[in-house]
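Here is the structure we will look at, set down as structure tokens.
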Amino acid sequence: MAKHHVSALINGNPVEYLCDAQQTLLEVLRDELNLTGTKEGCATGDCGACSVTIDGRLVCSCLTLGAEIDGKAVQTIEGMATGTELHPLQTKFLELAALQCGICTPGMLVAAKALLERNPDPTEDEVRYWLAGNLCRCTGYNKIIEAVLAAAGEMRKG
Amino acid sequence: MAETIVYPERELKVIGTRPVRPDGVPKVTGLAQYGADFNLPGMLWGKILRSPHAHARIGSIDTSKAQALPGVKAVITAADLPEQKFEYLGPERVAVNYWHMTRNILAREKALYEGHAIAAVAATSKAIAEEALKLIEVDYEVLPHVIDVDEAMQPDAPLLFEDMITRGVEPPPAKPSNVSKRIEYKLGDVAKGFAAADAVVEASYKTKPVHQGYIEPQACLARYDSDGQAEVWSSSQGHFVVRTFTSRLVGMKVADLRCHAAEIGGAFGGKTVVYVEPVAVVLSKKSGHPVKIMMSREEVFKATGPTSGASMTIRIGVMNDGRIVAAEGVFKYQAGAFPQSPVMNGCMCSFAPYDIPNVRTLGFDVVSNRPKTVAYRAPGSPISAFAAESTMDLAARKIGMDPIEFRLKNIARPGAKTVFGTTLNHAGFAETLQALKKHPGYTAPLGKNQGRGVAAGYWFNGGGESSATVHVNEDGTAVVAEGSPDIGGSRASIALMAAETLGIAYESVRPVIADTNSVGYTQATGGSRVTFATGMTVINACNKVIDEMCARAAKLWKVDRADVVWEDGHARPAGKRAGEFEPLSFKAIAAKRTATGGPISASASINAEGQAPGFSAQFCDVEVDPDTGYVKILRFVAAQDVGRAIHPAYCEGQIEGGVVQGIGWALNEEYIYDRDGHMENPGFLDYRIPVASDVPMIESILVEVPNPKHPYGVKGVAEANIVPPMAAVANAIESATGLRLTDLPMSPPKVLAALDSRR
Ligand code: FES
Ligand code: FES
């Protein structure tokens, strides 16, 4: 079966790849492009560990085909920091101990960033409902919610 | 949201602060490497064929067609693993039997549960490997199966092992059964105790198996070289355990297998055993290529974990003044397809928080056609505590006593005897209950359909074998190489204790988890042992370094070693030479290493003892929706004796996480089977663990009653917190509705049925 040729922007960089028709974006990122920061927790759209944005929209990369990305812009966790400068969400996650094992963290950060782009001043409840698709088994969510609220505050200060 | 209550104060510089963890940045940038994130040139993908039947005899396995598929480089079955001797090895509580273990890795005579591994392939792509699995022909003779523990104990139940004779019964029964073991503990005279009681309460309970639910499925990469040496990178709680089990199961020398601890994406006990590592090693050996295996979420649910479901009965006898005079518990735990459920822990922990003169606990370890159970956070204790602590609530109600007061009245204090024959020699239980009682929420008014429930919980906490090496660098920094995989921030607590001991800055200490060839043997990260035991060995190594630093200073000053002391991160002249020289800092001595004798490093290996038991006391407020049966958690307060909070944020994190897992266990989580013994909910959509919008902020109270047997007072923190929540929620539901629920999970349909039965 012929592979699909895809040209996309990934974290701002032009990328070309070949993929099978059934390969998911998650598999392309991890297995073909060596961007293993995006994690597989379920591959069925239920855990959010594979969260990325496509043209600014938050999606599960395990439910998206690699072939669908042609001409689109994908942001993954690897593109969140600017050089060595961490995004305020990344800094607050570290300062407030919002990760234990850290496997949910890339997805949480990508999802939280998408929230703050839409709603720079969310309530605790809004953060909880926005992140309800991102499972964390370690933290009980306290410190993740606190870190997102703290980062939002920091970002509003500019 | 968190509060710390400190008992005796002690001057500490960095312990108790909340610095950023040393391994943090790669985890927020996506660069940290977990089990599935390793690749090697020429790597193949491994996949495992699993039984579609809950119970079946395996006739033949024909792999020829799979073998012939282009791109397939190896196909294996149990025939590729050496047979193992049938014997239980190690302490009874955690005994292993390799005859069982190898059969769980790849089935031999029978498939014992849906999802049981039958064969495995390695191919040049995932798609080809999957295609190859479909070409393997297995001849199954489907057998009757049994899932439920009470049914598995029936005399006519289908037998998983036709020759299994119950252990722990004298004389041994003549007939085989699914009961692998019977355990009994006794203290005092239970019959007399109940006879003297003013009131006796009794109830029976059931729980379902629940999965550890770590977000990272098991994954590994293995490379086997033609000289017989191999290397494994895997997500596990103990890379030394991976080495022990895998070398034994594959039949290789321990020194020939080098295991690396990948970053680990959660485990909670579920990654203390191996599933994919031996398979990947043998596939690599057969194919001559490195092999990577990643489990799918469905495989994780069907073939790893979970912990036991159980059937239990509890009796408690009380006096009108609140004293408990007798307690009895019968615990029947599902082990899954192979023996060794944590029922022994259940028997030991259920009444351990209390000083009761007459106690008897009886346990049964029962096999049935479901995945072999594995440790899950305080293995065994949360299950028996659900029954025991629910019955404690019934007893407090019966005599009209406040549930915290009732527990305080009976709380075990140092000197109290346990049913399993030990004497409690640590304080902390009463202090923890008192801290909980003082929380202002405990006396806050409740609204309509709302209720408040209290429960407590006990866990042993672990010590054991740990190793570490401390290397001093020329600029006065230090590297700590240790052997405990870090799941929740232990590198931070290790670095804090090393910095405190050496008297240098936290940022000057860099800990690493060294592979099995680079540091001494270290047991798995489990039993809440790492900060205690690995911490202790790191402190020992640091003390040896300090001794060496003093010797180097003596050399520089040309004085006797005995005339140098270490104070505040500096060597000082003392005794007859006191004040003769300016103190030398850690950094100054490190810089003179070459001139004073060469590299400065020290190792320590210990079998740590003196761990203190963990104790947690919690209350929660719930609201029960009378129309839907939905139970909303309004507030959850959890107090725990942490000994000394080395990094308080990670202590709070353990409590918050453990409580939320407990809430999932209480309200939602369960394995659901159809009549053919197939799991109906092997995914996160239908096996629903708590999400962010299900829970409030968990309010933790860190109670610090230091452990005198640890240099910094450490007690294990990770597990005791998951013991009370199920009973706390059930007790709160009774307080809200007047209904006693005895069946987990207390999901909306069950709560609604209970409400309806009363209407
Ligand atoms: S891996 Fe995509 S949602 Fe879980
Ligand atoms: S930190 Fe482990 S799953 Fe979230």
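The values are calculated or read from the model by the stated rules, or taken from the named source; none is laboratory data. The shown structure was predicted, so the numbers you read here are calculated from the model rather than taken from an experiment. Cβ placement follows ideal geometry from the backbone for every residue including glycine, while neighbour counts extend to all protein chains displayed. Accessible surface areas use protein heavy atoms only, side chains included; no ligands, DNA or RNA. Shrake-Rupley method; radii C 1.70, N 1.55, O 1.52, S 1.80 Å.
Screening the stretch B:511-627 for helices (runs of 4 or more DSSP H) wholly inside it with 2 or more residues that are under 30 Å from B:Met348 (Cβ atoms) and not assigned by TED's automatic domain parsing to the domain that holds B:Asp402 returns the ranges B:535-557. Just one of the listed residues (B:Ala753, B:Ala720) is in the same structural domain as B:Val642 (by TED's automatic domain parsing) and buried (at least 18 other Cβ atoms within 10 Å of the Cβ), namely B:Ala720.
Within the stretch A:92-103, residues that are more than 7 Å from chain B (Cβ to nearest Cβ) reach partners that are within 16 Å of ligand 1 (Cβ to nearest atom) with beta carbons closer than 8 Å, at six or more positions or on different chains, in the pairs A:Ala98/A:Thr105; A:Ala98/A:Met108.
If you filter the stretch A:28-55 down to residues that are without any contact (Cβ under 8 Å) to a residue 60 or more places away in the chain and of a type in the set (Ser, Thr, Tyr), you find that the one that is surrounded by the fewest Cβ atoms within 10 Å (Cβ to Cβ) is A:Thr44. Restricting A:Leu25, A:Leu18, A:Leu58 to those that are in contact (Cβ under 8 Å) with a residue 40 or more places away in the chain and either open to solvent by 10 Å² or more (accessible area, probe 1.4 Å) or aromatic (Phe, Trp, Tyr) (or both) reduces the list to A:Leu58. Tallying residues that are under 30 Å from B:Ala267 (Cα atoms), part of a loop (DSSP other than H, G, I, E, B) and away from ligand 1 (no atom under 16 Å from the Cβ) within the stretch B:173-220 yields 5.
Could you look through the stretch B:206-231, keep only residues that are small (Gly, Ala, Ser) and farther than 21 Å from B:Ala718 by Cα, and pick out the one that is farthest from the other protein chains (Cβ to nearest Cβ)? Explain how you work it out, then say what you get.
Taking the stretch B:206-231 and keeping what is small (Gly, Ala, Ser), we get B:213, B:219, B:222, B:226, B:228, B:230.
Now restrict to residues that are farther than 21 Å from B:Ala718 by Cα: B:219, B:222, B:226, B:228, B:230.
Values: B:Ala219: 9, B:Ala222: 18, B:Ser226: 27, B:Gly228: 30, B:Ala230: 23 Å.
By that ranking, first place goes to B:Gly228.
Does the stretch B:727-749 contain any residue that is within 14 Å of chain A (Cβ to nearest Cβ), in contact (Cβ under 8 Å) with a residue 60 or more places away in the chain and surrounded by 24 or more Cβ atoms within 10 Å (Cβ to Cβ)? No, every residue in the stretch B:727-749 fails to be within 14 Å of chain A (Cβ to nearest Cβ), in contact (Cβ under 8 Å) with a residue 60 or more places away in the chain and surrounded by 24 or more Cβ atoms within 10 Å (Cβ to Cβ). Within the stretch B:697-706, the set of residues being more than 8 Å from chain A (Cβ to nearest Cβ) and touching an Asp or Glu at 6+ places or on another chain (Cβ under 9 Å) comprises B:Glu699, B:Ser700, B:Ile701, B:Leu702, B:Val703, B:Glu704, B:Val705.
When residues in the stretch A:104-121 are screened for being in contact (Cβ under 8 Å) with a residue 60 or more places away in the chain and away from every other protein chain (no Cβ under 12 Å), 2 of them pass. One residue alone among B:Glu465, B:Glu474 is open to solvent by 10 Å² or more (accessible area, probe 1.4 Å) and touching a helix residue (DSSP H, G or I) at 6+ places or on another chain (Cβ under 7 Å), and that residue is B:Glu474.
Taken over the stretch B:251-278, the criterion of being among the aliphatic types (A, V, I, L, M), surrounded by 24 or more Cβ atoms within 10 Å (Cβ to Cβ) and more than 14 Å from every other protein chain (Cβ to nearest Cβ) is satisfied by B:Leu257, B:Val273, B:Val274, B:Val276.
Taking the conditions (1) within 10 Å of ligand 2 (Cβ to nearest atom); (2) in a loop (DSSP other than H, G, I, E, B) in turn, A:Asp121 satisfies each one other than (1).
Out of curiosity, is B:Ile589 surrounded by fewer than 17 Cβ atoms within 10 Å (Cβ to Cβ), at pLDDT 95 or above and touching a strand residue (DSSP E or B) at 6+ places or on another chain (Cβ under 9 Å)? So B:Ile589 does not fit the description; no. Residues in the stretch B:417-432 that are part of a strand (DSSP E or B) and in contact (Cβ under 8 Å) with a residue 12 or more places away in the chain: B:Lys417 only. The set of residues in the stretch B:379-416 being under 18 Å from B:Trp459 (Cα atoms) and part of a loop (DSSP other than H, G, I, E, B) consists of B:Pro379, B:Gly380, B:Ala412, B:Arg413, B:Pro414, B:Gly415, B:Ala416. Scanning the stretch A:97-116 for residues being under 17 Å from A:Glu78 (Cβ atoms), within 16 Å of ligand 1 (Cβ to nearest atom) and either assigned to a helix (DSSP H, G or I) or not aliphatic (A, V, I, L, M) (or both) gives a total of 11.
Selection over the stretch B:260-297 of residues that are within 16 Å of ligand 2 (Cβ to nearest atom), of a type in the set (Gly, Ala, Ser) and part of a helix (DSSP H, G or I) gives a count of 0.
Within the stretch A:62-91, the residues that satisfy the criterion of being more than 10 Å from every other protein chain (Cβ to nearest Cβ), out of contact with any Leu (no Cβ under 8 Å at 6 or more places or on another chain) and hydrophobic (A, V, I, L, M, F, W, C) are A:Leu63, A:Ala67.
The combined condition, being within 25 Å of the chain's Cα centre (by Cα), within 14 Å of chain A (Cβ to nearest Cβ), in contact (Cβ under 8 Å) with a residue 40 or more places away in the chain and part of a loop (DSSP other than H, G, I, E, B), is fulfilled by B:Ile646. Taking the stretch B:71-163 as the region of interest, the helices (runs of 4 or more DSSP H) fully inside it that hold 1 or more residues being more than 29 Å from the chain's Cα centre (by Cα) are B:126-134.
In the stretch A:117-158, of all residues being under 16 Å from the mean Cα position of the chain (by Cα) and within 16 Å of ligand 1 (Cβ to nearest atom), the one that is surrounded by the fewest Cβ atoms within 10 Å (Cβ to Cβ) corresponds to A:Ala132. Summed over the stretch B:297-327, residues that are of a type in the set (Asp, Glu) and within 14 Å of chain A (Cβ to nearest Cβ) total 2. Among the residues making up the stretch B:261-284, a single one is among the aromatic types (Phe, Trp, Tyr) and on the phi > 0 side of the Ramachandran plot: B:Phe268.
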